[in-house]
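Q: Before I ask anything, here is the structure I am working with.
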Amino acid sequence: MNIAIVTDSTSDISSELAHENDIHVVPAILVVNGQSLEDGRGISREELYHQLPTMKVSPTTAAPSSGTFERQYEELLQRGADQIISIHVSSLLSGMYNSALVAAKAIGKQVHVIDSCHVSLGLGFQVIAAAQAARANQTLVEIQKAIDDIRKRIHLIAMLDTLEYAHRSGRISWARSNLTALLQIKPFLGVADGKVIRMGETRTRQRGIERLYQMLADFGPLERLAVLHTNAEADAIRVVEHFKLIVRHHPLIINVTSIIGVHVGPNGLGFVAVTE
């Protein structure tokens, strides 16, 4: 059986990884100065994070239409796919899952939409596991089991340089307070059950980085690791150099998608760890 794997660009899967694993990525939408851009086109991640502090109007994000997903599914079925597994960013954080679900209902029972309950490589590692299982000719049930298995072992933790952008976005309930937004702290957040949760804060960036190191070390030997950042590559490289010997697969360094980064702001640093 030919099972195709679809995801969205919030998965942070590079074009190289997508090609290598035959993953089909539907781009989310970034709105900058009233102009709608497909994620990754029109402005680079580096440019966006550099410009964010001086932008008078904050960029916004949107899910692609159900029609966009429907066209992707139809194309894959026409090219010979028997079934499609479509895995997406947490439904509690984006309309992506619902758009895919509407499209799947229009197509029929050949399309199976899954809520990853995650973001960035928290989603991406689930997609890669599904794609590798599909390429190994595993059944639909076996692929879904592989997704469920890796999801249980995924841990995403990030340190923001400021709460300003999370506050602006309004997407995170505990970041909406003006008082909280004004505090000069480095907040930590994680993802649990599809929601962004607060995990404390530090007063300085250096203490925050030390805390990230300790959190990552506490997870022990890892199957996979992605170090996430928003224009903080030097810090991300140091994390990888420190932890690469405890990771089975080569660690990834990801300047996260603009769709997530506009809510995080510049100089964010974090990781997605998959435990053994």
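Q: How many percent of DSSP beta bridges within the range 1-139 run antiparallel, rounded to 5?
A: Around 35 percent of the beta bridges assigned by DSSP in the range 1-139 are antiparallel ones.
Q: I want to check a number: in the chain, how many lysine pairs have alpha carbons closer than 27 Å, given a sequence separation of 8 or more or different chains?
A: 10
Q: So, counting K/R as plus one and D/E as minus one, what does the shell of residues with Cβ under 15 Å around Ser65 add up to?
A: -3
Q: Here is a further query. For every other residue with a beta carbon closer than 10 angstrom to the beta carbon of Gly265, add +1 if it is Lys or Arg and -1 if Asp or Glu, then tell me the sum.
A: -1
Q: Restricting to the range 154-275, compute how many DSSP beta bridges are antiparallel as a %, nearest 5.
A: If I count the DSSP bridges inside the range 154-275, around 80 percent turn out antiparallel.
Q: A follow-up question, please. What would the Debye equation give as log₁₀ I(q)/I(0) for the range 89-150 at q = 0.15 Å⁻¹, counting only Cα atoms as equal point scatterers?
A: -0.48
Q: Can you sort Val272, Val32, Val113, Val89 from fewest to most other Cβ atoms within 10 Å of each residue's own Cβ?
A: Val32, Val113, Val272, Val89
Q: In what order do Ser66, Ser116 fall by count of nearby beta-carbon atoms within 10 Å, going from fewest to most?
A: Final ranking by Cβ density, sparse to dense: Ser66, Ser116.
Q: Normalised by the residues of the chain, what does the relative contact order come to in percent, with Cα pairs under 8 Å and at least six apart?
A: Taking the mean separation of contacting Cα pairs over the length of the chain, I get 21 percent.
Q: I would also like to ask the following. Treating the angle as unsigned and between 0 and 90°, give the value, to the nearest 10°, between the Cα long axis of helix 66-78 and the longest Cα principal axis of the chain.
A: 40
Q: I've got another one for you. I want the antiparallel fraction of DSSP beta bridges within the chain, as a percent rounded to 5.
A: 60
Q: Could you pull the Cα extents of the chain along its three principal axes, largest to smallest, in whole Å?
A: Projected onto the principal axes, the Cα atoms of the chain cover 54, 45, 28 Å.
Q: So what's the projected area for the range 154-275, the Cα convex hull averaged over all directions, in nm²?
A: Approximately 6.9 nm², given one-decimal rounding.
Since every read-out is calculated from the coordinates, none of them should be taken as a lab result. None of the values given here were measured: they were computed from a predicted structure. Virtual Cβ from ideal backbone geometry, glycine too; neighbours counted across all protein chains shown.
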